[in-house]
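The values are calculated or read from the model by the stated rules, or taken from the named source; none is laboratory data. Please read all numbers here as calculations on a predicted model, not as lab measurements. Methodologically, a virtual Cβ is constructed for each residue, glycine included, from the backbone with ideal geometry; neighbour enumeration extends over all protein chains shown. When the accessible area is computed, the model is the full protein with side chains, heavy atoms only, and any ligands, DNA or RNA have been set aside. Shrake-Rupley method; radii C 1.70, N 1.55, O 1.52, S 1.80 Å.
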Amino acid sequence: MSTQFDRELYGYRYVEVRRGDSLQKIAARELGDAGRWYELIAINDLLPPFVSDTAAGPRVAVAGQAIMVPAPTRPEVVNTNPDQVFEADMALNRGRLEVEDGDFKVVTGRSNLRQALKHRVDTARGELLYHQDYGSLVKRMLGAVNGPTKALLCAQYARAAVAADPRIARIRSAVADTVGDTTRITVVAEPISGNAVEVSTTAQGS
């Protein structure tokens, strides 16, 4: 049999008032912060003394009665459309904003994800003051003598950077090939939604 405790309400949930409860006790127990007691007054339209073990007048919560508290998390609608999951951003070409038809060009979905992953690999770890963990160690290889060791390190640095993006579920491959004084790095990753994306960049040798 369904009760009011089973009823879904967007953004809120029901809890039962216990004997000896106060709004502070309820807030501490259900929200983890006794200081949020005043929120319960507003969403339940309560008047002093707010909570009672016995009937104390209208708009007072009584022991055994259900009141609403904010839900710990808001309900989420699952969406697997890559264009919406990976959203949109301005298009960048070698660090410069691209213009199209007199306005900034925008990339969406998988293209936006690919662009973001390339930026993550191309940005030196620690370069962004407020995001010290963002980026990769690939730039450490600038000026290093080309060879198998450099190729292996570049591939692993790029792999780690791409894998750190929360939109990536798994790395399929990460390889680096040396041609002349340039090491070309390619990472193939599986995002949380849709087909695999390929990210390519280069590191210069000596």
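Details
- Among [x] 18.7, 64; [y] 27.1, 85; [z] 16.3, 48, the entry derived from the coordinates for Rg and Dmax of the Cα atoms in Å: [y]
- Per residue, the accessible area of the chain comes to 62 Å² when a 1.4 Å probe rolls over the protein heavy atoms.
- Carbon/sulfur fraction of accessible area - the chain, other protein chains in place, 1.4 Å, %: 51
- Cα gyration tensor shape of segment 110-150, rounded if a/c is under 1.5, else prolate or oblate by comparing a/b with b/c: oblate
- Taking segment 88-174 and dividing mean pair separation by its residue count, relative contact order in percent (alpha carbons under 8 Å, at least six apart): 18
- Backbone amide hydrogens, once placed in the peptide plane, bring Gln65 within less than 5 Å of Val17, excluding anything fewer than 5 places away on its chain.
- Label-to-label distance, nm, for residues given as His131 and Asn195 (7 Å Cα→Cβ offset): 2.8
- Glu30, Glu87, reordered so the largest accessible area comes first (probe 1.4 Å): Glu87, Glu30
- Euclidean distance of C-alpha centroids, segment 181-195 and segment 108-180, integer Å: 9
- Dipole of the chain computed with +1 at Lys/Arg Cβ and -1 at Asp/Glu Cβ about the Cα centre; of Val60, Leu113, Gly143, farthest Cα towards the positive end is Gly143.
- Size of electric dipole in the chain: Cβ of Lys, Arg +1 and of Asp, Glu -1, about Cα centre, debye, nearest 20: 660
- Most mobile listed residue (Phe50, Phe104, Phe86) in the chain, GNM with C-alpha springs under 10 Å: Phe50
- A Gaussian network model of the chain, with springs between Cα atoms under 10 Å, assigns the largest mean-square fluctuation among Ala91, Ala116, Ala34 to Ala34.
- Most mobile of Gly143, Gly35, Gly95 in a GNM of the chain (Cα contacts under 10 Å): Gly35
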